[in-house]
Amino acid sequence: METNAPTALVASPDVRFCEAVGAAADQAGVQPVAQVASYLKLTTLLDAVKPDILVFDADPLGTGAGRVLASLHQHSGTAILMATSALSDKRVSDGLLQGVCGFITKSCDSCEYANAMRAIRRGEIWLGRERLALALASLIDTINLPAQSREITTVAEKLSPREEEIVRLISRGCTNKEVAKALGMSDKTVKAHLSHIFAKLGVNRRAQLTQPRNPAGAPLVN
């Protein structure tokens, strides 16, 4: 590793996640300089080591991730890469407002982590090709919908027409492979869509997709 290589700080209590990020950093030519498991110490450590990149595991904080990120605005020299199990449109839009430069799912491979680090170090915004394609598809679907279908709700994000198709097929008992064949897409793309759907509806199991939904889109709870 070059002595003048960009540096990275990893914020996560997940040891395996930190190890995976370390391996990806090596591929990207980035030098990990510190890890922090306690988010309460994050600001102090950023002041001390002044890393070029902060890899931020948002999962342990849940909805509290925004508050922590908002407190990091003064560290303008550090590019933030947020890692999470599921990326919703709201999480991305909120993250951008909070200064996040890149977004990545924790299940991706080390090559994508490395590409994300390189991109945000260059001053680019990183979403990943697959996630960006989903975001653009959702935007195009929204633009093409009638005005009354584009109303914003506070309970759940609306599903795009393609996402509704996937939910209908899953509700009929179709497997991912069967959904992929029916809609002319790959298994990997179906999985990405399902991750997006789960995040939008606030569910974590396929069975929950068969439940009736309220007008805002969220599953009804008996």
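Data for the structure
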read-out: Tally of residues being hydroxyl-bearing (Ser, Thr, Tyr) and without any contact (Cβ under 8 Å) to a residue 12 or more places away in the chain across segment 77-127; value: 1
read-out: So ALA86, is it outside any strand (DSSP E or B), in contact with a Ser or Thr (Cβ under 6 Å, 6 or more places away or on another chain) and crowded, with 20+ Cβ neighbours inside 10 Å; value: no
read-out: Which numbered condition ILE170 misses (of (1) modelled with pLDDT of 85 or more; (2) part of a loop (DSSP other than H, G, I, E, B)); value: (2)
read-out: Any chance ASP14 is assigned by TED's automatic domain parsing to the domain that holds ASP109, of a type in the set (D, E, K, R) and surrounded by 15 or more Cβ atoms within 10 Å (Cβ to Cβ); value: yes
read-out: Verdict on LYS90 being of a type in the set (Lys, Arg), more than 30 Å from ASN4 (Cα to Cα) and at pLDDT below 90; value: yes
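So that you can scan it fast, the table gives a plain yes or no per residue for (1) assigned by TED's automatic domain parsing to the domain that holds ALA192; (2) surrounded by 14 or more Cβ atoms within 10 Å (Cβ to Cβ); (3) outside any loop (DSSP other than H, G, I, E, B):
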| residue | (1), (2), (3) |
| --- | --- |
| CYS18 | no, yes, yes |
| VAL21 | no, yes, yes |
| ALA25 | no, yes, yes |
| VAL33 | no, yes, yes |
| LEU40 | no, no, yes |
| PRO51 | no, yes, no |
| LEU54 | no, yes, yes |
| GLY66 | no, yes, yes |
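The values are calculated or read from the model by the stated rules, or taken from the named source; none is laboratory data. Remember, it's a predicted structure, so these values are computed and weren't measured experimentally. No Cβ is skipped: glycine too gets one built from the backbone with ideal geometry, and neighbour counts run over all protein chains shown.
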